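Scroll down for the structure; my scribbles are underneath it.
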Amino acid sequence: MTAYLRLIARFLQEKSSEIAIFLLTEGLIALVFVLERMDLTVFKVAFLLPALIFLTYQGFACHRFIQLHQFLTRTSVENLPHFPDTSLIGEDYQQLIAELDQWSQDKYQDLLRFDKDLLDLTKLWTHQMKVPLAALDLMAQTDHLTKSEVQNQLLELDNYLNILLSYLRLQNTTTDFRFETFDVADITRDIIKKYANQFIMKNLSVTITGSWQLTSDRKWLTVAIEQLINNAVKYTKTGSVTISFADNMTIQDTGIGILPEDLPRLFEHGFTGYNGRHNQKSTGLGLYLTKGILDKLELTVTITSQVEKGTEVRIEKN
């Protein structure tokens, strides 16, 4: 009973403006009849009939208000599309509820996919991190620790860690991009310096020509280009890496190339391809991460390749 009275009180509160207007109107009617000294019978009809109609209407409205509240407290999200209000506003609410329900389901599925991807990534990352650590351990046991070899293994560890952190940051919908105009050739030279030891150890020559003034996010573009250069060095045994700039960026290597059947799937999450599996060097995330970054920067990346001849990667504006 107390709950019922609380609902009536809540209804009266929500209808307070309507009630105030009605009382004001009735008061004005009474004032006119008093000032004009009109007949009491006419006053009763003029005063009581609107009151009766108003109270009857509000009584039905209160009853429907209570019924609707009880329905909503008992129903579930699945039943909301069958909301009993058939008015235009009711249909609008049903449409909004259906869209909200679909949005919630989509977000939930996205969260499930992210959790699965994160678990797979953690397992893969843990496995890949063991490779350079095992190499360092073996070199230590055999007293073959050289500065260049240690630097190479540390670079591998750093690359795997950067892939993981960049992947997690990229999944964040609030990731901020800071756009500025710069020469892409400049950040490429910095990356080449970082990998200089690997170029020297593999006796690979590297050539950079041209320039490309681009308005983009320097940090994120650096991450993307580094993955591409890392792949070029990783899968090139002899020869060279040539990087040229115009209104785009092209990275050409004389590496082992990519099988034609692997090319369409290179940017898929977790795809390593034959060379990646055969050499056990691929995480299956480098190119996926690169594509995700470049998409957000509104840049296009395309890859062409011939087995045992080399690979060409091109980055350009959409």
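The values are calculated or read from the model by the stated rules, or taken from the named source; none is laboratory data. This one's a predicted model, so the numbers in the text were calculated from it and none came from an experiment. FYI the Cβ positions are ideal-geometry reconstructions off the backbone, even for glycines, and counts take in every protein chain you see.
Counting only residues that are more than 29 Å from the chain's Cα centre (by Cα) and not small (G, A, S), the range 213-246 holds 10 of them.
Table: residues versus (1) in contact with an Asp or Glu (Cβ under 9 Å, 6 or more places away or on another chain); (2) of a type in the set (V, I, T).
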{"site": "I191", "(1), (2)": "yes, yes"}
{"site": "K194", "(1), (2)": "yes, no"}
{"site": "T207", "(1), (2)": "no, yes"}
{"site": "S211", "(1), (2)": "yes, no"}
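Scanning the range 127-179 for residues that are over 18 Å from L289 (Cα atoms) and in contact with a strand residue (DSSP E or B) (Cβ under 6 Å, 6 or more places away or on another chain) gives R178, F179.
Criterion first (in contact with a Leu (Cβ under 6 Å, 6 or more places away or on another chain), within 26 Å of D186 (Cβ to Cβ) and modelled with pLDDT of 90 or more) does G255 satisfy it? Explain how you work it out, then say what you get.
Numbers: in contact with a Leu (Cβ under 6 Å, 6 or more places away or on another chain): no; within 26 Å of D186 (Cβ to Cβ): yes; modelled with pLDDT of 90 or more: yes.
Taking the combined requirement at face value, the residue does not satisfy it.
Of all residues in the range 7-22, those satisfying the criterion of being charged (D, E, K, R), assigned to a helix (DSSP H, G or I) and within 12 Å of C62 (Cα to Cα) are R10, E14.
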